[in-house]
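The values are calculated or read from the model by the stated rules, or taken from the named source; none is laboratory data. Keep in mind the model is a prediction, meaning the values are calculated, not measured. Here the Cβ positions follow ideal geometry from the backbone for every residue, glycine too, while neighbour counts run over all protein chains shown. Surface accessibility is based on the protein's heavy atoms, side chains included, excluding ligands, DNA and RNA. Shrake-Rupley method; radii C 1.70, N 1.55, O 1.52, S 1.80 Å.
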Amino acid sequence: MSNTTSTTAKQIVLLGIGHTNAHVLKQWASEPIPGCELTCISQYPSATYSGMLPGTLGDQFRDDEMRINLQCLADQAGAKLLLVNTIGIDRDSSKIHFSDHEPISFDALSIGVGSMPAGWEEHASSPTVVPIKPMQTFLERLDNRLETAGQQTPHSLKVAIVGGGVASVETAFCFQQHVRKSQASAEISIEIFTSDKHVASGMTNKSIRRIEKLLKARSISVHTQSRVTEVTAHEIATDDGRRFQTDCVIWATGATAPPVLKGLGLETDDRGFLSISKTLKSVSDPRIFAVGDSGTFTPNPWPKAGVYAVRQAPVLWHNLRAVIQGEQPIEYQPQSNFLKLLNTGDGKAILEYGSFTFHAGWCWNLKTWIDRRFIHQYQTGC
C-alpha cells in the first residue's frame, strides 16, 4: 500500500539499492516525505552487503545473512519495487525507460547501481572468468565454474585472482578457507595478479607488510606489477610475456562504471561514473543524484569504497527532501580517515586505524559486530 494515494503525488525513484539508497528506503518507513511516492528499481530481488561477501565465501556466514530482502524492505516502507532492466532517461519528459517495463516518471531520482571490476569485459568470452560483481550472483557463478573445472581437472585446480586491492586479498584468504572446509580432497593453488607494486593499495606500509607475510605463509602467490592482458580457456598472460595455467579467474580489479550508467545521457568522468557536485547531485540535472560508487566528485574524487556510501546516506536523505520541498541542499564531506578491517578468513582480521595495525581474533569480533549491526537494520522484520 502506498503512503499516499493522491494522483498529484510527486515521484521519488531509487535506481539501484546499494548502501546509500537502502538507507533512504529504510528511513521512508518511519518518516515518508509528505506528498510523495517512492519507487525502487533493481535487477535483483536482494541487495548484498559487500562487507560480508568474503566471510560468506569463507563459510563464516550463511548466504542469507549478507542479503537484504528488497521486497520486504519496500513493503515496510509502503514503496513499490520494480525488478527491471533500465535502458535510459528522458529528462525532457522526466521519465525512466526500461527494456521490460513501461516508462515511469520521476521528480527526484537517486542512482546507486554500484560498479563493476575494471577490464573484465575484455575477457568475458573466456569460460574461466568470474567477475566478483554483481555480488548478488558471485557465489553461485563461482561455484558453477569450480564445479565445471573440477570435472575437467578433479585433483588439482589453479585459481587466479586478478586485482590486488583489499577485496582481492580478502577473497583469497576466505576462498582458501572455503576450499579447506568443502573440498579438502582437491589440491587448489591460489595466485594474485596485480599491476601495482604491492597488494592492498591504500593501506599503510606496516599493514601491507603484514598482509604480504600472511599471504606467503598461506602459500598464496602474489605477482606484482603484472597486468593480465589475455585470458584463454586454460591460461592467462601478463604484460611481461609470462603465461600461467589457470582453471578459474576471479576478476576483482578496481572499479569501473556498469553499463547502465553509459546509457543515461548524463555527464560522466573518464571511467564512466556520473559527475556530481558535493551535494551528490548530477552536474547535468539538479533532480538527479548519484551515490556510492555511481558518482564521482570530479575535482577531488573520493575512493570507491562502501564506507563512503554509508556516510553519504544522511546527506542524500536531506537533499531528496530539499529538492521536493524547495529547500537548500547540504554538502557531503568525506572523512579523511576511517577504520579498516580486512578479513583473513581464519577467525581473525587485520585492523588498521591511523598508524596502528593489529591482526587478532578480537579484530574479527569487532568487524563481525560492525557488519551484523549494519545489516540487521535492513533485515529486521523480514
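Between SER336 and HIS101, the contour length at 0.36 nm per residue exceeds the Cα-Cα span by 80.4 nm.
What is the ratio of the Cα radius of gyration of region 124-235 to 2.2 N^0.38 Å, with N the residue count, to two decimals?
After normalising by residue count via 2.2 N^0.38 Å, the value is 1.07.
Per-residue packing, averaged as other Cβ atoms within 10 Å, sorts the ranges 205-217, 125-137, 40-52 into the order 40-52, 125-137, 205-217, beginning with the highest.
At q = 0.10, 0.11, 0.12, 0.21 Å⁻¹, what base-10 log of I(q)/I(0) does the Debye formula yield for region 1-154 when every alpha carbon is treated as an equal point scatterer in vacuo? Treating every Cα as an identical point scatterer, log10 I(q)/I(0) equals -0.45, -0.53, -0.62, -1.35. Its residue count N sets the reference 2.2 N^0.38 Å, and the alpha-carbon radius of gyration of the chain equals 1.01 times that reference. Ordered by 1.4 Å accessible area with all protein chains kept, SER110, SER99 run largest first as SER99, SER110. Counting lysine pairs in region 9-167 whose alpha carbons fall under 27 angstrom apart, excluding pairs fewer than 8 residues apart on the same chain, gives 9.
Spatial offset of region 264-280 relative to region 42-76 amounts to 27 Å, using the alpha carbon center of each.
Rounded to the nearest 20 debye, the dipole magnitude of region 129-212 is 260 debye, with +1 charges on Lys and Arg beta carbons, -1 on Asp and Glu beta carbons, and the Cα centre as origin.
Computed from the Kirkwood radius of its Cα pairs, the Stokes-Einstein diffusion coefficient for region 183-334 at 37 °C and 0.692 mPa s stands at 176 µm²/s.
Ordering SER94, TYR44, VAL24 by Cα displacement along the dipole of region 1-100 toward the positive end leaves SER94 in first place; charges were set at the Cβ atoms of Lys, Arg (+1) and Asp, Glu (-1). Both the radius of gyration and Dmax for region 164-227 are 12.1, 37 Å, in that order, over alpha-carbon atoms.
Per residue, the average separation of C-alpha pairs within less than 8 Å and at least 6 apart gives the chain a relative contact order of 18 percent. FRET efficiency for the SER221 to HIS318 pair, using the beta carbon distance and R₀ = 56 Å, is estimated at 0.70. Net charge in the neighbourhood of SER115 (other residues with Cβ under 10 Å of its Cβ; Lys, Arg +1, Asp, Glu -1) is +2.
Order of 166-173, 101-108 by packing, highest average Cβ count within 10 Å first?
Values: 166-173: 26.2, 101-108: 16.0.
Ranking the peptides 166-173, 101-108 by packing returns 166-173, 101-108.
Volume per residue for region 94-188 equals 151 cubic angstrom (convex hull of Cα atoms).
Using the Cα coordinates of region 207-249, the gyration tensor eigenvalues translate into equivalent-ellipsoid semi-axes of 24, 13, 7 Å, sorted from longest to shortest.
Using the Cβ atoms and a cut-off under 14 Å, what net charge is assigned to the surroundings of ILE87, where Lys and Arg are +1 and Asp and Glu are -1?
-1
Give the carbon-plus-sulfur fraction of the accessible surface of region 274-382 in %, rounded to a whole number; probe 1.4 Å, heavy atoms of protein chains only. After summing per-atom areas, the C and S share lands at 55 percent. Computed over all pairs of different Cα atoms, the Kirkwood value for the hydrodynamic radius of region 272-368 is 15.2 Å. A cut-off under 15 angstrom between Cβ atoms defines the neighbours of PRO103, and their net charge, with Lys, Arg +1 and Asp, Glu -1, is -2.
When shorter helices are ignored and each DSSP H run of at least 4 residues is given -39500 (n - 2.57), the per-residue value for the chain at 222 nm works out to -9500 deg cm²/dmol.
Within the chain, DSSP assigns beta bridges of which about 45% are antiparallel (rounded to the nearest 5). Farthest towards the positive end of the charge dipole of region 275-382, among the residues ILE276, TRP362, ALA322, is the Cα of TRP362, using unit charges on the Cβ of Lys, Arg, Asp and Glu. With a cut-off of 14 Å on the backbone N, the residues of region 134-169 near the modelled label site 7 Å out from ALA233 along Cα-Cβ are 149, 152-153. D for region 75-122, whole µm²/s, Stokes-Einstein with Kirkwood Rh over alpha-carbon pairs at 4 °C and 1.567 mPa s: what number? Using the Kirkwood radius from Cα pairs, D works out to 99 µm²/s.
Extension gain for HIS198-PHE358 works out to 55.7 nm (0.36 nm per residue, less the C-alpha to C-alpha distance). Only the Cβ atoms of Lys and Arg (+1) and of Asp and Glu (-1) were treated as charged; on that basis the dipole of the chain about its Cα centre amounts to roughly 1120 debye.
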